[in-house]
Every structure is written in structure tokens, then in C-alpha cells.
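Single-structure report; data block below.
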Amino acid sequence: MVTFSSTCDVLCSFTRDYDLIKAKITQLEFRTNTCYPPVIQTINYLVHSEWSNSVTCQVIMITDGNCYEGLRKPDMTPFLFPGKLIVVPLDQVSSLYKNNYDSNKLPNGLGYISSPELPLTPSSVAKAFEKIAKETYVPYSAMLRCGHLKSDVHLIPPPMSYTKAADFEIMTCCISSELNIIGFIESSKVECPATLSRHLVLPQRILDESSETNEASAKTPSFCVLLHGALKVENMIAVCQLSSNWYGLLVSWADNKKKSNLMLIILEPGTNAIPWLGDIRNLTLSPTELCKSDVDEIQPTKTPDKRSYNQSQLVWIKEAGLQADIQKILRQARKMPDKIPSFYKELNRIRKAAIAYSFNDLLTSIADLLDIECSNLPSGTHPDCALQLSHAAMELRKPLAMDPKLTITPMITKYAQHDLM
């Protein structure tokens, strides 16, 4: 829950404690100004820090300001995550601004405005929110099918259509109401492919006032429950087809040791969504392979081309990874001259990664750290240590340090030489 005027305040971050949210609502303070850009920036930051920008989030904005004109200003930035902004204006003059625009849709795909009927009354506002709940928060209903077995399920949150700009057209993919399982594969074969979204798969409940109907439905076996238990015990993944050339994975996902759920992982559209498995349509047992009595190869069949994944590439997604690599250099620097080969090996490794990522300022920062480390060396340190640190810092500041083909070598000193390279 976020409040905004000229500034923006986060009263409550993402939580399932509904009582806490209700308590915060009773403590709201109303202010005078209404400024929309700060709240959009704050919401982008909250979603990115909590879920990342790939998770769908719906945002409801309740305002008494001029949202029809204020949210259409040029300085309004869209959300950085997939989702919609639903604006509910609670002002008596909203219809005056509404008549100036042809549609309640906001620019840049930001969302839309849903106005209560005038005059404003508690019942009209309640009807507006009931309409939003029915349109936005109703679970997506689908049929999960595997051969003759089937089950009505809900997908939570509802999956969204996927739009991608191709070379000569804009491709839009929509998920079918029937999810067909086309096969099963070991979890170790899939690992962690690129995904668009994740959704809980829950069996539908039959809502009927008749107690006899409810009892009968409770005793009817559910294929959804059977599938979840089988995938969990066998450590397998079910591959399902969402629509033409669009596939997903059904897995047993656990957020703790006691509770697990059936989850649908939606892959990117296309038959090559998992590159190391190849074309998903080819993941089948070949008749010629089945006729062999000495078939020891595990499906899917390996391709003859060999791929090398044994490359020590540096990935700095978070600050902790970069900090750990720099600290490793400093630890080896303190152990010189014994660790001179390891020091220069790690230094060149980080330098080449920084060049590849265009992280040029990192080289200067490491040089400054080496100078600081050199000035703070204890009195009993080997003199070769200070010379090597100064030499490495000087080499990092040279323009040639930006050449990825260059390798910084140790400085040859008059002291006892070690097997440096």
C-alpha cells in the first residue's frame, strides 16, 4: 500500500497480512497535492525489488485528483513489468474531464480508468470495485488433459497474451482453454529455462448449494491431484501444449518442506524454447531406437555436435557477486609473492569480463583499491608485494588495458623469482 501527493510513501510492502493492511488504511493522512510520476516510479521499484520485472502485478489507484488529464502527461512513464494500472477516481467532477477524451484507456499501455457512477455513494463505489474484481481477479479456467484423463483447473494469476514484434509483423499469442500434456521428462534434463510467467494450477471446485452434490464432487478423484503427486514422487516434469507452437511445463513446486503446489511454467513461444533439448516436437522415442535391444542411451537423444559449457564466465547480476570477485583479488594480493600467478590470473579474468560488459569504470576502481591496499601493507610484508600491486594498478590505468587480447603479466623484480605463469 502506497500513498502519494507531491511525495510518495510506502505504508506497507508486499504482504499476506490483511489485518496489517486494514490497520494502515485507518491511519491514512489526506494531503493537498496530486502528483502521479513519483508513484509510478515507486511502484516500479517495489515490484522490481520484490519480484523482478517479469512478474505480472495489478495496481489499483484510488485518487481524487485530475487523473483523466494528469495521467496523460508526456512525463508519465509506463510500468517496467507486465500488468495494468486500474484508476478509480473518487471525485464529483470526473465526468467533466471524461467527456474530453474518447476512451478511458491510458497512453503507453499503462491501464485504464474505471469511474463509479455519479452521484458518488458507498453503493456506487462498491459496484465499481465489484466490477474490477470480476474483470481482473477472476481465475483463468482451463481444461487440463492427458489422454483420456482430464480435470477442470484454475490458473492463478490469470495468464496474459504474449506480443512480440517480428521482422515484418507483430505476433500475438493467446493461451488456449485446453492444456494438453504431450509427454514427460526428467527434471534434471530441463534445469532452469527462460520463462515468461509462472502460475499455480488448482482444481476447480463445484459451487453448488446442494450438500449431496458437494459430497459427490469431494469423492470424485481429481486428475490434477494425481498428476501433482506423481510429478512430486517421480521427480518428473510434464510438457504441455498451450496453443500452436507454444509450450509450458507442469512441475511440483514447494515453497517449504511441508507444502507443495502444481505450477505451470510458461515458456517463450516457439518449438525451441529450451535450446539444449532442441525442437520440442522431436522429444519422442524413435521406432528404430525402440527395436534395439541394447539401447542404453537415455532420451532425449543426444545430438552429434558437442557444446562446451565449461567456461568460467563471470556473471554480475547482483552486487554480491562482483564484491566476492574483487575480494578474491585482494586476498591473493595479501599473500604475494606466493600467490603472484593466481593474483594475475584472477585480475585478467575480471578485466576481460569488465571489457565484455563495457564496465570500463571497474578497471579504474580496482586500480584505486590496489593502491589503497599497497599503502596499508604491514611493515613485515615482502617488498615484492608492494611492487606487484603498484605495477598492476599502473597497468590497469593504461589505455591498452581496454584491449581484450592483452594479458597483464607480473613485474620482473630483483627478488627471488617464482614460477609466475
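Where does the Debye-calculated log10 I(q)/I(0) of segment 102-166 sit at q = 0.18, 0.20, 0.23 Å⁻¹, using only Cα point scatterers of equal weight, no solvent? At q = 0.18, 0.20, 0.23 Å⁻¹ the computed log10 ratios are -0.90, -0.97, -1.07. The fraction of Cα-Cα pairs per 10 angstrom bin, counted from 0 for segment 225-269, comes to 28, 49, 20, 2 percent, rounded to whole percents. Packing, as the average of other Cβ atoms within 10 Å across residues, places the peptides 129-135, 230-236, 351-357 in the order 351-357, 230-236, 129-135, highest first. Highest mean first, the peptides 167-175, 246-254 sorted by other C-beta atoms within 10 Å per residue fall in the order 246-254, 167-175.
Charge tally around LYS335: other residues with Cβ under 15 Å, Lys/Arg +1 each, Asp/Glu -1 each, net +1. Segment 1-90 gives an Rg/Rh value of 0.94, both radii derived from C-alpha positions and Rh following Kirkwood. The amide H of GLY183, built 1.01 Å from its N in the peptide plane, has VAL239 as neighbours under 5 Å, considering only residues 5 or more places off or on other chains. Panel values: segment 9-57, Kirkwood radius from alpha carbon pairs, Stokes-Einstein at 37 °C and 0.692 mPa s, translational diffusion coefficient 260 µm²/s. Per-residue extension of 0.36 nm, minus the Cα-Cα distance of GLU169 and ILE317, leaves a gain of 50.0 nm for this segment.
As a ratio to 2.2 N^0.38 Å, the alpha-carbon radius of gyration for segment 317-409 is 1.03.
Peptide packing: for 406-412, 377-383, the average count of neighbouring Cβ atoms within 10 Å per residue gives the ranking 406-412, 377-383, highest mean first. Net charge of the neighbourhood of ALA356, taken over other residues with C-beta under 15 Å away and scored Lys/Arg +1, Asp/Glu -1, is +1. 3J(HN,Hα) along segment 323-333, derived from phi through the Karplus expression 6.51 cos²θ - 1.76 cosθ + 1.60 where θ = phi - 60°, amounts to 4, 5, 5, 5, 5, 5, 5, 5, 5, 6, 5 Hz, with x in place of Gly and Pro. For the listed residue pairs LYS232/LYS259; LYS84/LYS105; LYS84/LYS131; LYS345/LYS405; LYS318/LYS345; LYS73/LYS105, the alpha carbons are over 18 angstrom apart in LYS318/LYS345. Averaged per residue, segment 1-62 has 68 square angstrom of accessible surface, using a 1.4 angstrom probe with ligands and nucleic acids left out.
Report, to the nearest whole %, how much of the accessible area of segment 1-88 belongs to carbon and sulfur atoms, 1.4 Å probe, protein only. So the carbon and sulfur contribution to the accessible surface is 54 percent.
The values are calculated or read from the model by the stated rules, or taken from the named source; none is laboratory data. Predicted model only: the values in this text are computed from it and were never measured. Note: ideal-geometry Cβ built from the backbone for every residue, glycine included; neighbour counts use all protein chains shown. Side chains included, ligands, DNA and RNA excluded: accessible areas come from the protein's heavy atoms. Shrake-Rupley method; radii C 1.70, N 1.55, O 1.52, S 1.80 Å.
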